[in-house]
Amino acid sequence: MLAESLALSAVLFTIGVIGVLTRRNAIILFMCVELMLNAVNLSFVALSKLYGATGQVFVVMVMTVAAAEAAVGLAIIIAIFRHRQSVDLEDINLLKG
Amino acid sequence: MRHEFFPLFYSFHFYLFGLLAIASALLFVTRKSPVAAAMWLVNVMFCLAAEYVLLGAQFIGAIQVLVYAGAIMVVFLFVVMLLNLGHAEAVTDLRGNAGRLAAGFVGLAMLAEVMVLAQSEFAAELTPKAALARQAAEAIDGPGGVIGPIAAPLFREHLLAFELTSMLLLTAIVGAVVIGKKREGGDAR
């Protein structure tokens, strides 16, 4: 079942990358990042069956980082929305020369 | 409920939830409405929680449902609600053809890499190490149950990292409050 888990993890990560590359809604972009983190968690759990429970400890850490990232990222999105009335990445191009 | 007793039951549900996860993920990246996308992502997380349980990580499955599906996704939906973005826009937010081509190319390249890796000698290193696997199984059957094997390394070898994550969370909370705060007098700066 290990090979299947790693393959599933790779497929989910790839779908997350495709989402980040194709969507322009900043909130959906963040959700795609969460999907990628979930895919990585799956491979941690799958490998923890072979190499002991330390992999599951890392999953706990990844979840903490994901929570922190979601909190700060969504606060930034709210701040941007106040300025621009939009979360579309095409409208957020201040640094584009 | 162990692997050895119900191998067919295990593999059937493993594939079932795996395919459900992939289908939900594909629906998630293609939905226009942020709320529909979030719901499909929650479905992916539930399927992954089931996979964790099937892989023998019951505690991770539980906190996957509680923390990811229950807390993080609720925060996302909350922001969608606050910003009133729940309606699907008339124009899809998918990028143009160039973006789609780039994404398709990256996706194919990454999948090809995985296939090559699966054929290479890296896969041989992943064959179950009998001693380690037995050790892990015995730890779960020990007095600590399923949580003991996670708690022991978390609070012994990785205690410093654990404390640092608490600092990270504190910093994130303070940062989120400062960034999200409305300024006095309406001055945007």
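What follows draws every value from the coordinates through simple rules; no lab data is involved. Please read all numbers here as calculations on a predicted model, not as lab measurements. Because the Cβ atoms are built from the backbone with ideal geometry, glycine has one as well, and the counts that use them run over all protein chains shown.
Assorted remarks:
- Ordered by the count of other Cβ atoms within 10 Å of each Cβ, fewest first, B:L101, A:L95 give A:L95, B:L101.
- Over region A:2-51, the ratio between the Cα radius of gyration and 2.2 N^0.38 Å evaluates to 1.24.
- Cleavage-rule hits, trypsin sites (Lys or Arg not before Pro), chain A, DSSP coil, Cβ neighbours within 10 Å at most 15: A:K96
- Neighbour counts of other Cβ atoms within 10 Å put B:F9, A:F44 in the fewest-to-most order B:F9, A:F44.
- For chain A, dividing the convex hull volume of the Cα atoms by the residue count gives 96 Å³ per residue.
- For region B:1-94, fraction of C-alpha pairs farther apart than 14 Å, in %: 70 percent
- Phi-based couplings in Hz for region B:104-117 (Karplus 6.51, -1.76, 1.60; Gly and Pro marked x): x, 5, 4, x, 4, 4, 5, 5, 4, 4, 4, 4, 5, 4
- Packing-based order for B:68-75, B:172-179, using average beta carbon neighbours within 10 Å, highest first: B:68-75, B:172-179
- Take each residue in B:96-107, count the other chain C-beta atoms within 10 Å of its C-beta, and the mean is 3.
- With 0.36 nm allotted per residue and the present C-alpha distance subtracted, the B:L101-B:A151 stretch has 13.5 nm of extension available.
- Counting, for every residue in B:45-54, the Cβ atoms of other protein chains within 10 Å of its Cβ and taking the mean gives 4.
- Angstrom value of the Kirkwood radius, inverse mean 1/r, which spans all Cα pairs in the protein assembly as shown: 20.4 Å
- Neighbouring partner chain Cβ atoms per residue of B:29-39, average, 10 Å criterion: 4
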